[in-house]
Structure formats: C-alpha cells, structure tokens
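Asks: Let me give you the structure first, and then I'll get to my questions.
The values are calculated or read from the model by the stated rules, or taken from the named source; none is laboratory data. Remember, it's a predicted structure, so these values are computed and weren't measured experimentally. Quick reminder, even Gly has a Cβ in these numbers, built from the backbone with ideal geometry, and neighbours come from all protein chains shown. Quick note on the areas: whole protein, heavy atoms, side chains included, nothing else; ligands and nucleic acids left out. Shrake-Rupley method; radii C 1.70, N 1.55, O 1.52, S 1.80 Å.
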Amino acid sequence: MRSRVIVEAPASSANLGAGFDVFALALGRPKDRLKLTRTKSGIELSVLGAKLPTTPQRNVVGAVTRAVMTGEKVRGGVLLTLRKGVPVGAGLGSSAASSAAAVVGMNALFDLELPNKKQIEYAGVGERIASGAAHYDNVTASLFGGFVLVSKDKSFTRIDTPHGLVLCLVVPRLKLPLQKTRFARSLLPKRLSVDEAVAAVNAASRMVYGLAQNSIEEFGAAMNGGFVDHYRSVMIPGFEHVKEAAMKSGAAGVCISGAGPAMLAAAKRSKAKNVFDSMTDAFEKEGVKSEGFITRVGGGSRVIEQE
Ligand code: HSE
C-alpha cells in the first residue's frame, strides 16, 4: 500500500482551431506537480506557485479528489500539495492539468484501477467548476498525452502527430474577465449556419487527414478553417497581425490555444524560433506584452515518485 505519490501532469492546447471541444494536444511543458499523502480523514490542500483558493470545494484539485473519494468509496483522507507550473487563465489547460494530476494521484495512492472513461469523468468535475461546462478535451490530453479526439460520452482516440512537429505558444498579457473560459464560451453563437458547419467538418477532417499523412503542413492548414477562432479572436488585440507574422515566418498554421488568450503556431523545428519571435514582435507592435515558450507534443500524466 502506498502512503505518498507525486504526479506530474502536462499543459495542453484544446480545439486546435478545427475541433472545438473535440481535439486537444498535450504539451511537453509546462507541468503541474501534485503530491498526495494519505491521512486519517478529510482533504487538506496547499497551493504553491499561483494564487488559487485552497478550500477543497473551491479548488479543482480538491473537488476532483472529493469526487473520487465519494465515487470510489475511498476510506481515509489525503493531504494535497499542488505546485502550479501551468499558468492559470492562459488557455493552456491549467485546470485540466491539476484535475488530471488529482485523478492519476488518487488512482495510484488508493490502487483504484480506474478505467480510462472513469478517469476522464472525474477529471471533468474540475473542468465543470472552472468553465461552467463539462468538456473533456483538455483533461483527456493531459491524462493520456499526445493528440486526442474525444467524444461527449468520454470515449477517445489518440492519434500520432507528425514527426518533427513543434509548437510555439505565445501568451499575451491581457486583462480578461475572471471567469475567462465561461466568457470565451459566451462569445460563441448558439447555432452555426450551414456554411459554417460545412467549413467546420472540412477543417476537422483535414486535420485528421494531416495526422494520417504525417504532414505538418496539412495539420497546420486545418487550424485556419474552424469556426471557433473567428468568434473568439475579438478577445485578442492584434490576433490577425500575429497570425500573419507567424505564417510569414514559416508557421504551418496558427490558432487560439483552448479558450485563449494564448496563441499556438505549429511549425517545423527549423522554423520554430523565427515563428515564435515574429509572434512576440507582432504583439509588441500592438502594444501588448507577451511571453511564451516553444515545445513539442507531450506525454500524459504520470507518477514520478511513490513510497
Ligand atoms: N474546448 C474548451 C473551450 C477548452 O474552448 O472552451 C477550454 O477549456
């Protein structure tokens, strides 16, 4: 029986322009780290590296842990220490990473042998708190790694990504509403026109085709065709200029990462540095400070220490 486990869970980018609430990609970095220690009873939580609520009901890690304990009839308690590595409110799957870490940690600490769907369901509890709507894209990528295509019933498929794919993530410093994901979801229309639906089917199909062809160009091109960025780009001053700069510097495609405001460019390794610099320069020209990083596709959440 384990008394303590430490789990790492990666950031992720959802939607990829072409698959709103369906596609997501685990990133190689940054990561959240969660230590779970068995106690006699209750849930205690401390958070390092970000200002987040520590009352278990108000924090996704606490809420997910409670859901697992109740759902799986776990006896005893747990002390949680969350070290946030994934920036909060950037569109990089921060709440999903913390939620995935809680599920994988509880699974290991209490030998629960949770099936994949159950893991997604529990991690989704955190997403509901964070965004007001259950969607499983980020949590599935953060749990299992790679590119995932996930359905509302929590079944999912992992698809290999093109060899040499590099991701440039640039996060503009913007003042956005506190409930940013809720806000970003409120920008979307309740209904799409037939033309928009046709374009969305085309973009999603093209993205899967790009993956099947192991083609960074096709994968990137598909990012430009969905509907979600069209409605949400109003959140990001200079969106079109940043996108144009990235494409001119050799990006294969550009989209909003999840609910934003981070922007993601897909590129070949040889182009990545130029693409990244062109995006931060373009934001600078708009009078917007930004920061970010270059990374690759990442693996899923995993236990890195246990005793
Ligand atoms: N698919 C979600 C959205 C991801 O774009 O609203 C953010 O959590």
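Asks: Counting only residues that are assigned to a loop (DSSP other than H, G, I, E, B) and open to solvent by less than 20 Å² (accessible area, probe 1.4 Å), which one in the stretch 134-156 is nearest to TYR122 (Cα to Cα)?
Replies: My answer is HIS135.
Asks: In addition: Go through the stretch 157-187 residue by residue and tally those that are open to solvent by 20 Å² or more (accessible area, probe 1.4 Å), within 14 Å of the ligand (Cβ to nearest atom) and closer than 22 Å to GLY225 by Cβ.
Replies: 2
Asks: Can you confirm whether the stretch 146-157 contains a residue that is on the phi > 0 side of the Ramachandran plot and of a type outside the set (A, V, I, L, M)?
Replies: For the stretch 146-157, residues on the phi > 0 side of the Ramachandran plot and of a type outside the set (A, V, I, L, M): present.
Asks: Taking the stretch 183-198 as the region of interest, how many residues are part of a helix (DSSP H, G or I) and more than 28 Å from ALA282 (Cβ to Cβ)?
Replies: 4
Asks: Of the residues ARG58, ARG75, ARG66, ARG83, which is within 18 Å of ARG33 (Cβ to Cβ), charged (D, E, K, R) and away from the ligand (no atom under 16 Å from the Cβ)?
Replies: Only one candidate qualifies: ARG83.
Asks: Here's something else I'd like to know. If we scan the stretch 27-42, do we find a residue that is under 19 Å from ALA262 (Cβ atoms) and within 16 Å of the ligand (Cβ to nearest atom)?
Replies: Yes - at least one qualifying residue is present in the stretch 27-42.
Asks: If you check every pair at least six apart or on different chains, which have Cβ atoms under 7 Å apart with a residue in the stretch 145-163 that is more than 19 Å from GLY17 (Cβ to Cβ) first and a residue that is crowded, with 16+ Cβ neighbours inside 10 Å and among the small types (Gly, Ala, Ser) second?
Replies: GLY145/ALA26; GLY145/GLY298; GLY145/GLY300; ARG158/GLY146
Asks: When the stretch 1-26 is examined, which residues are found to be among the β-branched types (Val, Ile, Thr) and away from the ligand (no atom under 16 Å from the Cβ)?
Replies: VAL5, ILE6, VAL7
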